[in-house]
Structure formats: structure tokens, C-alpha cells
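The values are calculated or read from the model by the stated rules, or taken from the named source; none is laboratory data. None of these values were measured; they are calculated from a predicted model. Every residue, glycine as well, gets a Cβ built from its backbone with ideal geometry; the counts of neighbours run over all protein chains shown. Areas reflect the complete protein model, heavy atoms only, side chains present, ligands, DNA and RNA absent. Shrake-Rupley method; radii C 1.70, N 1.55, O 1.52, S 1.80 Å.
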Amino acid sequence: MTKFVRRRASNTWTHIPGLGPRWLVYIPPMQGAPHILIVDDHREIRDLVSRALTKDGFRVSFAADGRAMRKVLDDGRIDLILLDLMLPGEDGLSLCRSLRAKSSIPIIMLTAKGDEVDRVIGLEMGADDYLPKPFGSRELVARIRAVLRRSQENKTADDPSQRPKHYRFDRWRLDTGRRELLRDDGVTIPLSTGEYDLLIALVERPQRVLSRDQLLDLARGRAANALDRSIDTQVSRLRRKLELDATDPRIIKTVWGGGYIFTPAVSAE
């Protein structure tokens with residue numbers, strides 16, 4: 001097979017020798033932009049999505065099947081994968097499962113199927129989001145940015161060295177080194193591991209509604225049981241320590257049918 005390069009304006013399309021037509025890498029000049037891998041066997045869809053993403057400043061590579069996808073992942077850093085459900089050979093669900101077993105790269109599932117069962121299975125396999133075809137480019141870009149943002153937040157949360165030494169909110173200061181609360185009158189309140197992990201999840205996402213499943217995932221990781229009601233218990237314990245009146249909470253409010261919201265403004269030191 002002959003290697004060839006086709007140029008369009010200042011961008012480069014590169015066909016990689018030895019891999020056949022299933023692997024084509026598109027490399028725009030903005031090398032610092034997030035790098036998205038599109039895994040889809042329909043060339044028209046790959047081209048349309050690629051144009052939309054490069055227009056918004058992303059770098060894009062694509063693959064038509066699992067073998068080509070693994071080759072791209074082996075050869076460079078990928079920030080997010082757009083993974084089609086229906087692929088030749090190994091399907092998207094199987095690829096998602098194998099990816100998640102060894103990697104935390106964010107995954108958005110793309111599929112022509114809009115059935116709720118397919119969506120749930122994809123998410124249970126470890127996908128971060130799900131987008132049925134057809135979809136608009138603006139929605140796709142918005143979802144990619146949202147997943148990348150959440151991924152970065154989780155990396156920061158998982159790396160204590162990236163955290164500020166203190167968070168201030170309401171009448172409290174949270175010491176992340178000592179894992180304790182200091183009230184404005186000088187009283188120090190110790191926190192259990194569960195209380196601290198939950199409070200960190202809340203103070204790093206103030207004024208946002210977080211479901212119980214989200215809090216379980218943020219505070220205890222993916223190994224947490226989605227049916228575990230211990231989040232409610234931990235919230236009750238935190239309220240007894242934080243609130244002036246735990247029966248009328250003002251700091252951690254319940255959003256009926258939604259979860260919880262941490263209401264104060266938070267500043268980092």
C-alpha cells in the first residue's frame with residue numbers, strides 16, 4: 001500500500017501505511033487542543049463529525065474498528081473517545097468494557113439506537129455519556145466539553161496534591177491536610193473519612209444539584225453500590241456538624257427527586 005498525504009488549506013490528512021483504509025488520522029495545527037478519537041465504521045459520519053470538531057478547535061483522529069482504535073491509543077495521547085455502538089467485529093459495548101477495565105479515558109457512546117436499554121447498558125459498561133444519532137454538532141461539542149470538564153474535575157479530586165490547603169464557606173474553614181473543620185469561633189470539628197470525602201465532593205461543586213449516585217461515585221469511587229443509601233446517612237451526620245439547625249438545613253439542602261445541593265459560595269486558599 002502506498003503512503004499518501006492530502007492537504008486541505010493548512011490541515012493535513014495522513015493515511016498510515018500498513019493499516020489499510022480503516023485508519024485515517026486528521027491532524028490540524030492546534031497541537032495543544034483536546035485530542036478526540038472517533039471510532040465509527042461510516043466514513044461520512046467520521047468526516048462530518050471531524051469537520052465539526054476541528055472547527056471548534058479540537059484535534060481529531062479516527063478509526064473504523066477496534067483494532068485500529070487500539071493502534072491509535074498505543075501511538076498517542078487521546079483525551080476522549082466517541083465510540084459507535086454498531087461496529088464490524090468487536091462491537092462498541094465490548095470495546096467500552098475492555099477500555100474501562102484498563103483506562104479512565106472519557107467515552108461518549110454514539111449509536112443509531114435510541115432504546116433506553118441500549119443507553120443503560122452503555123452507561124453501565126462505563127461510558128460517560130450517550131448520544132443517539134442523528135445529533136447536531138452544537139450538542140455534540142457541548143457534551144464533549146461537559147465530559148472533559150467533569151473528567152478534569154475528577155482528576156483534581158483524585159489527586160490531593162492538586163487541592164487547595166483550605167476551603168472557606170459560610171462560617172467554616174475546611175483544612176484538607178488535617179481533614180478537619182475549623183469554625184469561625186475557633187472550635188475544631190474532626191471528620192470521619194466518609195464525612196470528609198462527601199464534604200470535599202460538595203465544596204468542589206457548590207451550588208450544583210448532585211444526585212445520590214453522583215455523590216456515591218465522587219465520594220467513594222465506581223466500586224460504590226448504586227443502591228447504597230449511606231449517602232443519606234453521611235449527609236445527616238454532616239448536617240449535625242455544619243448546620244445551626246440540622247432539622248432546617250441551610251448549607252446542604254435536599255432537592256426532592258434530584259439529590260442534594262451545597263448552597264454557600266466557596267473560596268479556595
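Observations
- Förster radius 51 Å - calculated FRET efficiency between Ser236 and Asp41 (Cβ-Cβ, nearest 0.05): 0.50
- Heavy-atom SASA rank of Met109, Met125 (probe 1.4 Å, accessible area, largest first): Met125, Met109
- Selection of trypsin sites (Lys or Arg not before Pro), the range 34-92, meeting DSSP coil and at most 13 other Cβ within 10 Å: Arg77
- Measuring r between the beta carbons of Asp175 and Asp245 and using R0 = 41 Å, the FRET efficiency lands at 0.95.
- Amide H contacts of Ile107 (H built 1.01 Å from N, under 5 Å, at least 5 apart or other chain): Ile81, Asp128, Asp129
- Per-residue 3J(HN,Hα) values for the range 71-84, derived from phi via the Karplus relation 6.51 cos²θ - 1.76 cosθ + 1.60 with θ = phi - 60°, read 5, 4, 5, 5, 8, x, 8, 10, 8, 7, 10, 9, 10, 6 Hz in sequence order (x marks Gly and Pro).
- Subtracting the Cα-Cα distance of Ile105 and Ser192 from 0.36 nm times their residue separation leaves 28.2 nm of extension gain.
- Label point distance in nm, Val120-Lys55, each placed 7 Å from Cα along Cα→Cβ: 3.7 nm
- Val187 accessible area, assembled protein chains, probe 1.4 Å, Å²: 60 Å²
- Contour minus Cα-Cα distance for Ala142 and Asp185 (0.36 nm per residue): 11.1 nm
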